[in-house]
Amino acid sequence: MIHMARPCALFVHLLGNFWLGDSLREHSSFRATNPESESAILDEVTNNDGKPNPRISCSAGIEHARQLLAGKMKAMGLMALGQGNDYLYTVPGTKDDECPGGITNLIAGLPGSDEQLKEEYILLGAHLDGPYNQGPSAKEGNLETDNSYDDGGSVAAVLSLAKYFKDNPIKRSLLLILSDGEEGIGNVQTSEEWKRRFCQSSGWQGRKGSCHNYPIGFTAWARRPTVQIQMVKLVMTMDPLGAPGINDHDFVAVLGTESTEGLQELMEESFTGAPVEPLFVNRQYAATSYSDADAITKDFKPLCVEFLPECFNGVPAVWLAQTAFGKYHGGVNANYLLPAMEYGMIPGIKVPRELASFALDMRKNFNDQALLKVTESLTTVLKNLGNQPDLSYLVYNPQVHKKFTEANAMFKCGAPGNCGFSLQDAINNKKAYDYLAKALLSAPDIAPEVAKSVQQFSSQSSMMLGKIINAYGCTQPTCKPSEVFPKELEETKPGLLAVLTMALDFYAKEPYRQPFGG
């Protein structure tokens, strides 16, 4: 899930959820070698004795799903890499009468085929827990919500990928983590007193003196990992997956590559031939939100030992997402996104609220074909990553995040901030706007007024970015776009891309939508 650290903060994802009907092709090669489909796994995870299973932390529902998935891991013969030769990893101080299963991750391993490279891991992560509805439907409770998008689809993808690579091994080992408590302390099914006690306990890894949301389970593991953390060469956090693109233009946002030199190029290479297009997004665009990957990157506590010349500052990571914001927590972001579309905050765009709608996050309106398509794409990616002869050149650089923070504080750019971005960000943003402009030329499942105005804005933004890119050139072999910082890029207001792409989903036409009612 994408989380808001502050209630009114805007955050980014280059994503939308748009119904594709029957236009998607079958992905026979992946399915032929992987008969247990993501759909079947998702059916089981989101159902508990015939009722929707939203999997709130500390509930009977998440315990049901956890035992189910632990059984699948055992049946596949995966290594148990939790605590005490088990798949379970429980956060200290969370298991008691109010939370019988504790806030507990599932952790498994799949050995690689190469005698040397199997000592290295690629970590695949998703979160097993889900949120309470916090949008227009919050007053009615979770209703039929089963959190298929947030983050059931990714959980199903991780298990499906494990089965595929069990039968088709790569050289490096895979580390699989299904985390609990990712939705934060506000989405734990216990009393407020229980939460208060936990926030004051040794198991709490957030800011001291505060009881705020952060990814509880994954952070606990990152502080006390069950494998040698330096041997994890790349983290791939999936949250969420399973939303189609616009008019059969399926894509996935890839956040965080800017903090590791060479990572975007490697991911671009790894997506070659994949049915889903990667769009690269600066993690700073989502600065007011958090992810499991933060625990291993910007929030990681450096490891410094005498016999190493440098401290170990974290693991290279990407956050992969295909988010449907109309479903996110029951449409919670409407209060922050729709005013921008209604009142002309984005040049040339003014859309009446009557056109907007939201949907509950439930199994019956989840797009199984989109999940299959992105999972097949990730098999392509992992084949390349897992068989690379050397990944030692990937080194996470914590200074990148710090420089963004300092730049935006100095120039008072606000949230999500428009300062400190590089020529590479301009190139990536232009690609994203080009994608939107092309896809929206024919988008029958989006309100025509919205599609037309957003298409025009996207085309204009692409032209502005193109002029900046041409002006700064960077044609010499020694020139690195990530090290060139055009001042003019601030004028394009990168944060607008956040509002625009998130808001689009509220104007999609698909089953089970509900109007906002003013």
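The values are calculated or read from the model by the stated rules, or taken from the named source; none is laboratory data. It should be emphasised that the depicted structure is a prediction, and the values quoted were computed from it without experimental measurement. A quick note on method: Cβ atoms are made from the backbone with ideal geometry, for glycine too, and the neighbour counts reach across all protein chains shown. The protein model used for the area step is the full one, side chains on, heavy atoms only, and it has no ligands, DNA or RNA in it. Shrake-Rupley method; radii C 1.70, N 1.55, O 1.52, S 1.80 Å.
Cα extents for the stretch 70-180 along the principal axes, largest to smallest and rounded to whole angstrom: 55, 29, 22.
Would you mind counting up the charge near residue 270? Only other residues with Cβ under 15 Å from its Cβ, with Lys and Arg at +1 and Asp and Glu at -1.
Details: positive: 171, 172, 233, 383; negative: 265, 268, 269, 277, 376, 390.
Once all neighbours under 15 Å are counted, the net charge is -2.
Ignoring GluC sites (Glu not before Pro) that are buried or in helix or strand per DSSP, and keeping those with at most 16 other beta carbon atoms within 10 Å, what is the longest stretch of the chain between them? Between the exposed loop sites, the longest stretch runs 311-518.
Overall, the accessible surface of the chain at a probe of 1.4 angstrom is composed of carbon and sulfur to the extent of 52 percent.
Looking at the calculated P(r) for the stretch 414-483, what percent of the C-alpha pair distances fall above 21 Å?
Details: 917 of 2415 pairs.
That tail contains 38 percent of the Cα-Cα pairs.
When the helices of the chain are scored as -39500 (n - 2.57) per DSSP H run of n ≥ 4 and the total is divided over every residue, the value at 222 nm lands at -10000 deg cm²/dmol.
For the chain, the dipole from Cβ point charges (+1 on Lys and Arg, -1 on Asp and Glu) about the Cα centre works out to 780 debye, to the nearest 20. As a size descriptor, the averaged projected area of the C-alpha convex hull of the stretch 320-364 was calculated at 4.2 nm². log₁₀ I(q)/I(0) of the stretch 262-362 at q = 0.11, 0.17, 0.19, 0.20 Å⁻¹, via Debye over equal Cα point scatterers, no solvent, to two decimals? Debye intensities relative to I(0), on a log10 scale: -0.59, -1.03, -1.12, -1.15. As a calculated quantity, the FRET efficiency between residue 345 and residue 224 at R0 = 41 Å, using C-beta atoms, amounts to about 0.35.
When the Kirkwood hydrodynamic radius is evaluated over all pairs of different C-alpha atoms of the stretch 35-98, what value in angstrom, to one decimal, is obtained? The partial results should precede the final answer.
Working: mean 1/r = 0.0760 Å⁻¹.
Kirkwood hydrodynamic radius for the stretch 35-98: 13.2 Å.
Short-range pairs are left out: with C-alpha atoms under 8 Å and at least six residues apart, the relative contact order of the chain is 21 percent.
Rolling a 1.4 Å probe over the protein chains gives residue 178 an accessible area of about 0 Å².
Per residue, how much accessible area does the chain show when a 1.4 Å probe rolls over the protein heavy atoms, in square angstrom?
On the way: 20270 Å² over 518 residues.
With the other protein chains kept in place, the chain gives 39 Å² per residue.
For the pair residue 197 and residue 75 in one chain, pulling the backbone fully straight at 0.36 nm per residue adds 40.2 nm over the alpha carbon distance.
Working note: Karplus 6.51/-1.76/1.60 with θ = phi - 60° gives the stretch 242-259 the couplings x, 9, x, x, 9, 6, 6, 9, 6, 8, 9, 7, 10, 9, x, 5, 5, 8 Hz, where Gly and Pro are set to x. Each residue of the stretch 477-518 gets 123 Å³ once the volume of the Cα convex hull is shared out per residue.
Tell me, what is the FRET efficiency for residue 434 and residue 364 to the nearest 0.05, using R0 = 30 angstrom and their Cβ-Cβ distance as r?
Values: r = 34 Å, r/R0 = 1.13.
For R0 = 30 Å, the calculated efficiency reads 0.30.
Principal axis extents of the C-alpha atoms in the stretch 386-518 (largest first, rounded to whole Å): 51, 42, 29.
Quote the charge dipole size of the stretch 118-179 about the Cα centre in Debye, to the nearest 20; the model charges only the Cβ of Lys and Arg (+1) and of Asp and Glu (-1). Don't jump to the answer; show the numbers that get you there.
On the way: 6 positive and 9 negative charges, 81 e Å.
It comes to approximately 400 debye.
Dividing the convex hull volume of the alpha carbon atoms of the chain by its residue count gives 151 Å³ per residue.
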